[in-house]
1. When the residues of the stretch 25-59 are filtered to those that are part of a strand (DSSP E or B) and not β-branched (Val, Ile, Thr), which remaining residue is surrounded by the most Cβ atoms within 10 Å (Cβ to Cβ)?
2. For the stretch 237-268, give me each residue that is within 16 Å of ligand 2 (Cβ to nearest atom) and modelled with pLDDT of 95 or more.
3. Find the residue count for the stretch 81-103, including only residues that are within 11 Å of ligand 1 (Cβ to nearest atom), aliphatic (A, V, I, L, M) and without any contact (Cβ under 8 Å) to a residue 60 or more places away in the chain.
4. Would you check if there is a residue in the stretch 156-165 being over 28 Å from GLU211 (Cβ atoms), away from ligand 1 (no atom under 13 Å from the Cβ), more than 15 Å from the chain's Cα centre (by Cα) and without any contact (Cβ under 8 Å) to a residue 12 or more places away in the chain?
5. Regarding ASN62, is this residue farther than 25 Å from ASN120 by Cβ, surrounded by fewer than 17 Cβ atoms within 10 Å (Cβ to Cβ) and assigned by TED's automatic domain parsing to the domain that holds VAL152?
6. Keeping to the stretch 12-24, report how many residues are surrounded by fewer than 17 Cβ atoms within 10 Å (Cβ to Cβ) and closer than 19 Å to CYS172 by Cβ.
7. Give ILE213, ILE145, ILE201, ILE191 a once-over and let me know the one that is without any contact (Cβ under 8 Å) to a residue 24 or more places away in the chain and either in contact with a Gly (Cβ under 8 Å, 6 or more places away or on another chain) or crowded, with 18+ Cβ neighbours inside 10 Å (or both).
8. Evaluate the following for GLU127: is it more than 10 Å from ligand 1 (Cβ to nearest atom), within 21 Å of the chain's Cα centre (by Cα) and surrounded by fewer than 20 Cβ atoms within 10 Å (Cβ to Cβ)?
Amino acid sequence: MIKKIAIIGGGNLGSAIAKGLKNAKKPFEGEIAVTRRRVHLIKSLEQDGIIVGKDNVEATKNADIVVLAVKPYQLKDILDEISPYFLEKTILISLAAGVDSLQISEMAGGRKGIFRVMPNTAISIGESMTCVSAFQSTEEQDQIINGLFEPVGVVQFIPEELMASATVLAACGIAYALRFIRAATQGGVEIGFGSELALRIASQTVKGAAELIIQDKSHPEAEIDKVTTPRGITISGLNEMEHQGFSSALIKGVLTSFEKIENAGKKK
Ligand SMILES: NC(=O)C1=CN([C@@H]2O[C@H](COP(=O)(O)OP(=O)(O)OC[C@H]3O[C@@H](n4cnc5c(N)ncnc54)[C@H](OP(=O)(O)O)[C@@H]3O)[C@@H](O)[C@H]2O)C=CC1
Ligand SMILES: O=C(O)[C@@H]1CCC=N1
């Protein structure tokens, strides 16, 4: 039974995870402690029953799970500071993009039971796509991690070699999707809607499109076929988007993000 989670680094993702776990339909009932140096910036988390503070060691003490939610280059210093306070049973989770489990294990004194977890910011509303890779873990630990993240989205265990790809497709992917929504909204304004209404229509439309795939297990092109009338309006717009390089731009963007994460790994 998990009684205490320490999240070291209450920035964008660390705070989103804490909020998501506390506000899930099946909320995490134990203690969540979140730290950052500028603690005033996370005071509002207290409204969700989360303990906030600056003291990483205090947060780590007695924690069943420690989540490292700092930037990759800060991992070493943080682990030097808190590793001595891990319990035998403490499970270590790293969110750091591009730092592999072996490096984390070494920084933590050769520890086993390490998970790399790559959620996205939709975890704050229980809608994350969370990819997980396990390093020298037990089956029981795997189940604990699965059970922790399932209430806040979809969990997928993957081989660690795919973690960089998961970071791009799921974590960066939120930004790509939001840019689509913004661009559609701008188009909507140009054809007559106020920006608020255009945003409402564009975002619900994207949600509906995603749900068609998720709920019906349908293929995007099969759903597109249902909307494209011969000589019709949709196909004209879609084809113009393709002439302007829509799919190609997206694929190239994904590859560029991937190259960046791969190169970041090689520089270490
Ligand atoms: N944003 C995203 O969608 C995703 C991010 N990631 C990964 O998650 C990690 C965090 O990213 P993100 O949340 O965006 O980054 P942020 O910069 O928003 O958060 C990092 C936090 O760490 C805190 N911090 C820095 N030093 C310390 C310290 N010594 N003790 C305690 N807290 C400290 C900082 O606050 P302060 O300066 O006040 O101490 C800051 O709030 C990164 O490793 C990133 O690669 C992974 C997937 C998705
Ligand atoms: O952009 C970044 O570097 C991090 C990794 C994934 C999301 N944010």
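The values are calculated or read from the model by the stated rules, or taken from the named source; none is laboratory data. What you see is a predicted model; the values in this text were computed from it and never measured. FYI the Cβ positions are ideal-geometry reconstructions off the backbone, even for glycines, and counts take in every protein chain you see.
1. To start, the set of residues in the stretch 25-59 that are part of a strand (DSSP E or B) comprises 31-35, 51-53.
If we keep only those that are not β-branched (Val, Ile, Thr) as well, we get 31, 33, 53.
Working: GLU31: 17, ALA33: 24, GLY53: 15.
Ranking the candidates gives ALA33 first.
2. So in the stretch 237-268, the residues within 16 Å of ligand 2 (Cβ to nearest atom) come out as 253-268.
Result: GLY253, VAL254, LEU255, THR256, SER257, PHE258, GLU259.
3. Filtering the stretch 81-103 down to residues within 11 Å of ligand 1 (Cβ to nearest atom) leaves 81-82, 93-99.
Now drop any that are not aliphatic (A, V, I, L, M), which leaves 82, 93, 95-97, 99.
Checking which are without any contact (Cβ under 8 Å) to a residue 60 or more places away in the chain leaves us with 93, 96.
Within the stretch 81-103, residues that are within 11 Å of ligand 1 (Cβ to nearest atom), aliphatic (A, V, I, L, M) and without any contact (Cβ under 8 Å) to a residue 60 or more places away in the chain number 2.
4. yes
5. Working: farther than 25 Å from ASN120 by Cβ: yes; surrounded by fewer than 17 Cβ atoms within 10 Å (Cβ to Cβ): yes; assigned by TED's automatic domain parsing to the domain that holds VAL152: yes.
Here the answer is yes, as ASN62 does meet what is asked.
6. The number of residues fulfilling the criteria is 1.
7. On the way: ILE213 fails: either in contact with a Gly (Cβ under 8 Å, 6 or more places away or on another chain) or crowded, with 18+ Cβ neighbours inside 10 Å (or both); ILE145 fails: without any contact (Cβ under 8 Å) to a residue 24 or more places away in the chain; ILE191 fails: either in contact with a Gly (Cβ under 8 Å, 6 or more places away or on another chain) or crowded, with 18+ Cβ neighbours inside 10 Å (or both).
Result: ILE201 is the single residue among ILE213, ILE145, ILE201, ILE191 that is without any contact (Cβ under 8 Å) to a residue 24 or more places away in the chain and either in contact with a Gly (Cβ under 8 Å, 6 or more places away or on another chain) or crowded, with 18+ Cβ neighbours inside 10 Å (or both).
8. Values: more than 10 Å from ligand 1 (Cβ to nearest atom): yes; within 21 Å of the chain's Cα centre (by Cα): yes; surrounded by fewer than 20 Cβ atoms within 10 Å (Cβ to Cβ): yes.
Judged against the criteria, GLU127 is a match.
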